[in-house]
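Below is one structure, written out as structure tokens, with a few remarks after it.
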Amino acid sequence: QHSTTAVESTAAENDAMVNAGAPFWPLVGLGMFLSRPRLWKEVVCPIIVTTISTIVCLVVLFGTALHPQATALINAGCPDWIAWISAVLFVLAETAVVNIILMLILFGCVQVRIMRSILEEKGIIDQLRVECAARGQHLPEVQCYRDVGHAILFLLGRVPLMILTMPLHGIPILGQIAWVLLNGWIYAWELQQEFLVFARELRGCGEQFGFVKQRCCTFGGFGAVAMALELIPFAGPWIFFASNACGAALMSEQFFKETHQQSGQAWSTKTGNVLGQSSEEETRTSATDDTSNCA
């Protein structure tokens, strides 16, 4: 009983540390991206495309949507100064949504390549290849057509949510915070979906959603900060789109540590652990093992 309590306490402390660190992973990822020149070439095409799309969107939306949105807010009872500030924020958010859609459809494979590069550097990809081979499988290489398919699938869920929550931008500052909190968790899930298939053998949306739900604070904290950074005009799609992939690799590493242990540069599966176990199941397994050993 004492052993069970100790294991549960350790698991709770680990979860708390991960939840507290999640919002900082995008910022750490920025440092990782800037310190690895080999990754910079990945953002050349995205920079060209998003520069054009951002300029076009800002010109069109400021010319056609700014005044009608401000007028609508004034007619709804907002003070003039709040209405105009909110209208500007609406335009910036709408431009960001357009860029998000373009980036995910055209350059989703860029984030996958960056994540894999960081995970390869940490030795995790090699360990996954060994484990896949042991199961008679192989770790698929990056394929743009498959990544585009995954991006479109997630966009079918993300775009309606972003549109439905768009009115929150009518509330300066607090509305933007609420918007990224409500939309960020699914972005974090999108970044992790391939890793969850290979590292946890969670192939179905229902299985993955169960994993995400158990770690909602981690996914929400990381995703909210990552989305907030990508809302910044120009710098968002130029730099943070790529650096968030580095942050997502750190997130993957934390999930990998739940089922694996590291010795130097080598990784091994924790004794008695089963791929796809939740934290609670891992706790119960560890507690059962300790009880058996005592007996």
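The values are calculated or read from the model by the stated rules, or taken from the named source; none is laboratory data. Please read these numbers as outputs of a predicted model, since none were measured by experiment. Glycine gets a Cβ as well: all are built from the backbone with ideal geometry, and neighbour counts include every protein chain shown. Heavy atoms of the whole protein, side chains included, go into the accessibility calculation; ligands, DNA and RNA do not. Shrake-Rupley method; radii C 1.70, N 1.55, O 1.52, S 1.80 Å.
Points to keep in mind about this one:
- Condition check for Pro237: surrounded by 22 or more Cβ atoms within 10 Å (Cβ to Cβ), under 13 Å from Ile100 (Cβ atoms) and modelled with pLDDT under 85: yes
- Options Glu201, Glu230: the member that is of a type in the set (D, E, K, R) and closer than 27 Å to Leu92 by Cβ: Glu230
- Unique match (being open to solvent by 30 Å² or more (accessible area, probe 1.4 Å), assigned to a helix (DSSP H, G or I), over 22 Å from Val60 (Cα atoms) and in contact (Cβ under 8 Å) with a residue 12 or more places away in the chain) among Leu92, Leu161: Leu161
- Assessment of segment 217-231 against the conditions (modelled with pLDDT under 90, within 18 Å of the chain's Cα centre (by Cα) and either surrounded by 14 or more Cβ atoms within 10 Å (Cβ to Cβ) or on the phi < 0 side of the Ramachandran plot (or both)) yields at least one matching residue.
- Selected residue [aliphatic (A, V, I, L, M) and in contact (Cβ under 8 Å) with a residue 12 or more places away in the chain] from Ile105, Ile55: Ile105
- Picking from residues in segment 184-203 that are of a type in the set (Gly, Ala, Ser) and at pLDDT 90 or above, the one that is nearest to Ala245 (Cα to Cα) is Ala188.
- Looking only at segment 228-256, residues that are within 18 Å of Cys45 (Cα to Cα) and in a helix (DSSP H, G or I) come to 12 in all.
- Residue in segment 171-179 that is among the polar types (S, T, N, Q), over 24 Å from Ala249 (Cα atoms) and surrounded by fewer than 21 Cβ atoms within 10 Å (Cβ to Cβ) present: yes
- Among residues of segment 95-114, those that are within 10 Å of Phe241 (Cβ to Cβ) and open to solvent by 30 Å² or more (accessible area, probe 1.4 Å), counted: 0
- Residue in segment 41-60 that is part of a helix (DSSP H, G or I) and either aromatic (Phe, Trp, Tyr) or touching a strand residue (DSSP E or B) at 6+ places or on another chain (Cβ under 6 Å) (or both) present: no
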